[in-house]
Amino acid sequence: MRNAVKIGHLIATTDNAAAIGEKPQDVVCASDTLTAYLTARVTFLEQLAANAIPSHIILANFSGDAAWSRYIAGLEQVFDEVGMDCPPITGSSESNMPTLQSGLSVTMLGEIQQRASFERGKLSWYTYGVPLVGQEVLEQAEDVAQLQPIYHAWREEIVQQVWPVGSQGLQAEFSRLFGQQPLKSSLDMAKSAGPCAVILLGIDPQKEQLAQKIFTRNFEKLCKTALE
(Lines give C-alpha, C1' and ligand atoms only; values in the text may rest on other atoms or scores of the structure.)
Protein backbone atom coordinates (compact mmCIF):
# COMPACT_ATOMS: atom_id res chain seq x y z
CA MET A 1 0.00 0.00 0.00
CA ARG A 2 1.04 3.61 -0.47
CA ASN A 3 0.17 6.22 2.22
CA ALA A 4 -2.48 4.09 3.88
CA VAL A 5 -2.91 2.09 7.07
CA LYS A 6 -4.83 -1.18 7.27
CA ILE A 7 -7.06 -1.48 10.34
CA GLY A 8 -8.73 -4.87 10.31
CA HIS A 9 -10.80 -4.91 7.12
CA LEU A 10 -10.62 -1.13 6.75
CA ILE A 11 -8.14 1.21 5.09
CA ALA A 12 -7.34 4.59 6.66
CA THR A 13 -5.98 7.43 4.53
CA THR A 14 -5.47 11.09 5.42
CA ASP A 15 -4.33 14.40 4.01
CA ASN A 16 -4.21 17.98 5.27
CA ALA A 17 -3.89 21.56 4.10
CA ALA A 18 -2.53 24.58 5.95
CA ALA A 19 -2.28 28.28 5.07
CA ILE A 20 -4.57 27.71 2.08
CA GLY A 21 -8.01 29.26 2.22
CA GLU A 22 -9.92 32.44 2.92
CA LYS A 23 -8.07 33.94 5.91
CA PRO A 24 -6.08 37.16 5.29
CA GLN A 25 -2.74 35.59 6.25
CA ASP A 26 -3.11 32.45 4.13
CA VAL A 27 -0.21 31.89 1.73
CA VAL A 28 -2.49 30.67 -1.08
CA CYS A 29 -5.88 32.37 -1.45
CA ALA A 30 -8.59 29.88 -2.39
CA SER A 31 -12.14 29.22 -1.35
CA ASP A 32 -12.60 26.93 1.64
CA THR A 33 -14.75 24.67 -0.51
CA LEU A 34 -12.00 24.25 -3.12
CA THR A 35 -9.39 23.69 -0.42
CA ALA A 36 -11.47 20.93 1.16
CA TYR A 37 -12.17 19.42 -2.27
CA LEU A 38 -8.48 19.21 -3.15
CA THR A 39 -7.61 17.76 0.26
CA ALA A 40 -10.38 15.17 0.09
CA ARG A 41 -9.37 14.39 -3.48
CA VAL A 42 -5.93 13.27 -2.33
CA THR A 43 -7.43 11.18 0.46
CA PHE A 44 -9.87 9.55 -1.97
CA LEU A 45 -7.11 8.70 -4.45
CA GLU A 46 -5.09 7.10 -1.65
CA GLN A 47 -8.13 4.90 -0.97
CA LEU A 48 -8.17 3.74 -4.60
CA ALA A 49 -4.42 3.12 -4.41
CA ALA A 50 -5.15 0.70 -1.56
CA ASN A 51 -8.06 -0.89 -3.51
CA ALA A 52 -10.62 0.51 -1.10
CA ILE A 53 -13.81 2.57 -1.29
CA PRO A 54 -14.44 5.19 1.45
CA SER A 55 -17.23 4.41 3.91
CA HIS A 56 -16.63 7.09 6.59
CA ILE A 57 -15.00 10.54 6.66
CA ILE A 58 -13.47 12.39 9.62
CA LEU A 59 -12.92 16.14 9.24
CA ALA A 60 -10.65 18.16 11.52
CA ASN A 61 -11.32 21.87 10.98
CA PHE A 62 -8.84 24.42 12.39
CA SER A 63 -10.37 27.40 10.59
CA GLY A 64 -13.33 28.13 12.89
CA ASP A 65 -17.01 27.19 12.94
CA ALA A 66 -17.86 29.34 9.93
CA ALA A 67 -15.67 27.22 7.63
CA TRP A 68 -17.34 23.91 8.53
CA SER A 69 -20.19 24.02 6.01
CA ARG A 70 -17.85 25.21 3.25
CA TYR A 71 -15.49 22.34 3.97
CA ILE A 72 -18.37 19.85 3.91
CA ALA A 73 -19.37 21.16 0.47
CA GLY A 74 -15.85 20.48 -0.77
CA LEU A 75 -15.89 16.93 0.55
CA GLU A 76 -19.24 16.25 -1.05
CA GLN A 77 -17.98 17.58 -4.38
CA VAL A 78 -15.43 14.74 -4.61
CA PHE A 79 -18.17 12.13 -4.44
CA ASP A 80 -20.51 14.07 -6.73
CA GLU A 81 -17.72 14.09 -9.30
CA VAL A 82 -17.32 10.31 -9.31
CA GLY A 83 -21.05 9.59 -9.00
CA MET A 84 -21.05 8.13 -5.49
CA ASP A 85 -23.08 8.95 -2.41
CA CYS A 86 -20.94 10.85 0.08
CA PRO A 87 -20.15 8.70 3.15
CA PRO A 88 -21.16 9.93 6.62
CA ILE A 89 -18.96 12.81 7.83
CA THR A 90 -18.02 13.44 11.44
CA GLY A 91 -15.32 15.52 13.12
CA SER A 92 -14.76 18.71 15.03
CA SER A 93 -13.89 22.39 14.67
CA GLU A 94 -11.40 24.51 16.61
CA SER A 95 -13.73 27.14 18.05
CA ASN A 96 -11.92 28.12 21.26
CA MET A 97 -8.88 29.73 19.64
CA PRO A 98 -9.13 31.97 16.56
CA THR A 99 -6.47 31.03 14.02
CA LEU A 100 -4.64 33.44 11.71
CA GLN A 101 -4.35 30.90 8.89
CA SER A 102 -6.64 28.18 7.59
CA GLY A 103 -6.12 24.51 8.31
CA LEU A 104 -7.96 21.23 7.89
CA SER A 105 -7.32 17.50 7.85
CA VAL A 106 -9.42 14.85 6.10
CA THR A 107 -9.30 11.17 7.07
CA MET A 108 -11.21 8.49 5.22
CA LEU A 109 -11.95 4.95 6.33
CA GLY A 110 -12.61 2.61 3.44
CA GLU A 111 -13.63 -0.97 2.76
CA ILE A 112 -11.21 -3.15 0.81
CA GLN A 113 -12.61 -4.30 -2.55
CA GLN A 114 -12.21 -7.69 -4.19
CA ARG A 115 -10.34 -7.17 -7.44
CA ALA A 116 -8.38 -9.25 -9.94
CA SER A 117 -4.80 -9.93 -8.91
CA PHE A 118 -1.96 -8.53 -11.02
CA GLU A 119 1.80 -8.27 -11.16
CA ARG A 120 2.90 -4.65 -11.00
CA GLY A 121 5.80 -5.19 -13.40
CA LYS A 122 3.51 -6.59 -16.09
CA LEU A 123 1.23 -3.55 -16.18
CA SER A 124 1.59 -0.75 -18.71
CA TRP A 125 2.37 2.43 -16.78
CA TYR A 126 1.18 5.92 -17.69
CA THR A 127 1.29 9.38 -16.20
CA TYR A 128 -2.00 11.28 -16.15
CA GLY A 129 -1.98 15.01 -15.46
CA VAL A 130 0.83 17.51 -14.96
CA PRO A 131 2.85 18.27 -11.79
CA LEU A 132 1.39 21.48 -10.33
CA VAL A 133 1.61 23.11 -6.93
CA GLY A 134 0.12 26.11 -5.10
CA GLN A 135 -1.36 28.79 -7.32
CA GLU A 136 -0.63 26.70 -10.44
CA VAL A 137 -3.36 24.26 -9.40
CA LEU A 138 -5.89 27.09 -9.57
CA GLU A 139 -4.54 28.63 -12.77
CA GLN A 140 -4.15 25.35 -14.72
CA ALA A 141 -7.11 23.38 -13.45
CA GLU A 142 -7.55 21.73 -16.85
CA ASP A 143 -4.14 20.05 -16.44
CA VAL A 144 -4.96 18.45 -13.08
CA ALA A 145 -5.74 14.71 -13.31
CA GLN A 146 -9.52 14.38 -13.14
CA LEU A 147 -11.22 12.08 -10.64
CA GLN A 148 -14.14 10.87 -12.73
CA PRO A 149 -12.13 9.08 -15.46
CA ILE A 150 -9.71 7.66 -12.89
CA TYR A 151 -12.51 6.19 -10.81
CA HIS A 152 -14.39 4.89 -13.86
CA ALA A 153 -11.31 3.14 -15.28
CA TRP A 154 -10.38 1.75 -11.85
CA ARG A 155 -13.90 0.44 -11.21
CA GLU A 156 -13.93 -1.29 -14.61
CA GLU A 157 -10.44 -2.70 -13.87
CA ILE A 158 -8.98 -1.02 -16.93
CA VAL A 159 -6.72 0.66 -14.40
CA GLN A 160 -5.37 -2.01 -12.07
CA GLN A 161 -3.23 0.29 -9.92
CA VAL A 162 -3.74 3.95 -9.00
CA TRP A 163 -0.59 5.58 -7.63
CA PRO A 164 -0.98 9.26 -6.61
CA VAL A 165 1.98 11.62 -6.92
CA GLY A 166 2.28 14.24 -4.20
CA SER A 167 4.76 16.77 -2.90
CA GLN A 168 7.83 14.56 -3.40
CA GLY A 169 7.28 14.44 -7.15
CA LEU A 170 7.42 11.77 -9.82
CA GLN A 171 11.00 10.66 -9.22
CA ALA A 172 10.26 9.70 -5.61
CA GLU A 173 7.21 7.69 -6.67
CA PHE A 174 9.13 5.99 -9.49
CA SER A 175 11.66 4.87 -6.89
CA ARG A 176 8.95 3.53 -4.60
CA LEU A 177 7.32 1.60 -7.43
CA PHE A 178 10.26 0.43 -9.51
CA GLY A 179 13.37 0.75 -7.34
CA GLN A 180 16.47 2.04 -9.09
CA GLN A 181 15.34 1.26 -12.62
CA PRO A 182 15.71 4.38 -14.79
CA LEU A 183 12.52 5.84 -16.20
CA LYS A 184 11.87 8.49 -18.80
CA SER A 185 9.12 11.09 -18.82
CA SER A 186 8.58 14.40 -20.56
CA LEU A 187 7.30 15.79 -17.25
CA ASP A 188 9.42 17.49 -14.60
CA MET A 189 10.24 14.50 -12.42
CA ALA A 190 11.56 16.52 -9.47
CA LYS A 191 8.67 18.97 -9.18
CA SER A 192 5.99 18.69 -6.49
CA ALA A 193 2.62 17.52 -7.78
CA GLY A 194 0.78 19.30 -4.96
CA PRO A 195 -2.67 17.73 -4.43
CA CYS A 196 -1.89 14.78 -6.71
CA ALA A 197 -2.17 16.86 -9.87
CA VAL A 198 -0.47 13.96 -11.69
CA ILE A 199 -1.20 10.27 -11.12
CA LEU A 200 0.66 7.13 -12.10
CA LEU A 201 -1.71 4.54 -13.54
CA GLY A 202 -0.95 0.85 -14.01
CA ILE A 203 -3.06 -0.28 -16.98
CA ASP A 204 -4.05 -3.80 -17.98
CA PRO A 205 -1.98 -4.20 -21.22
CA GLN A 206 -4.99 -5.77 -22.95
CA LYS A 207 -7.09 -2.68 -22.21
CA GLU A 208 -4.72 0.12 -23.21
CA GLN A 209 -6.89 1.21 -26.14
CA LEU A 210 -9.86 1.54 -23.82
CA ALA A 211 -7.74 3.62 -21.45
CA GLN A 212 -6.66 5.93 -24.25
CA LYS A 213 -10.32 6.63 -25.02
CA ILE A 214 -11.01 7.50 -21.38
CA PHE A 215 -7.92 9.63 -20.70
CA THR A 216 -7.82 12.11 -23.56
CA ARG A 217 -5.50 14.78 -22.13
CA ASN A 218 -2.04 14.71 -20.49
CA PHE A 219 -1.91 10.90 -20.69
CA GLU A 220 1.61 9.67 -21.44
CA LYS A 221 3.01 6.16 -21.49
CA LEU A 222 6.30 5.54 -19.71
CA CYS A 223 9.01 4.04 -21.89
CA LYS A 224 8.60 0.28 -21.90
CA THR A 225 12.35 -0.34 -21.89
CA ALA A 226 12.62 1.65 -18.63
CA LEU A 227 10.50 -0.91 -16.82
CA GLU A 228 12.34 -3.99 -18.03
Next on the checklist: For a quick check of your reading of the model, give me the residue pairs whose first member lies in the stretch 52-70 and is among the β-branched types (Val, Ile, Thr), whose second is part of a strand (DSSP E or B), with beta-carbon atoms closer than 7 Å and at least 6 apart or on different chains.
Outcome noted: Ile53/Gly110; Ile53/Glu111; Ile57/Ile89; Ile57/Val106; Ile57/Met108; Ile58/Thr90; Ile58/Gly91; Ile58/Thr107
Checklist outcome for this item: Within the stretch 152-183, the residues that are modelled with pLDDT under 95, of a type in the set (A, V, I, L, M) and farther than 25 Å from Asn16 by Cβ are Leu183
Item to check | Number of the exception - Lys122 against (1) exposed (fewer than 12 other Cβ atoms within 10 Å of the Cβ); (2) more than 26 Å from Gln168 (Cβ to Cβ) | outcome: (2)
Item to check | Unique match (being in a loop (DSSP other than H, G, I, E, B), modelled with pLDDT of 95 or more and not assigned by TED's automatic domain parsing to the domain that holds Val165) among Met97, Met84 | outcome: Met84
Checklist entry - Within the stretch 38-52, is there a residue that is more than 24 Å from Leu200 (Cβ to Cβ) and either at pLDDT below 95 or among the polar types (S, T, N, Q) (or both)? => result no
Next on the checklist: Looking at Glu157, Glu208 in this structure, which one is touching a residue at least 24 places away in the same chain (Cβ under 8 Å), in the same structural domain as Gln135 (by TED's automatic domain parsing) and in a helix (DSSP H, G or I)?
Outcome noted: Glu208
Item to check | Residues that are part of a loop (DSSP other than H, G, I, E, B) and either under 17 Å from Leu123 (Cβ atoms) or in contact with a helix residue (DSSP H, G or I) (Cβ under 9 Å, 6 or more places away or on another chain) (or both), drawn from the stretch 169-190 | outcome: Gly179, Gln181, Pro182, Leu183, Lys184, Ser185, Leu187, Asp188, Met189, Ala190
Checklist entry - Quick one: which of Thr39, Thr14, Thr43 is in a strand (DSSP E or B) and in the same structural domain as Asp65 (by TED's automatic domain parsing)? => result Thr14
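The values are calculated or read from the model by the stated rules, or taken from the named source; none is laboratory data. Small disclaimer: the values here were computed from a predicted structure and weren't measured. Ideal geometry is used to build each Cβ from the backbone, glycine not excepted, and the neighbour counts take in all protein chains shown.
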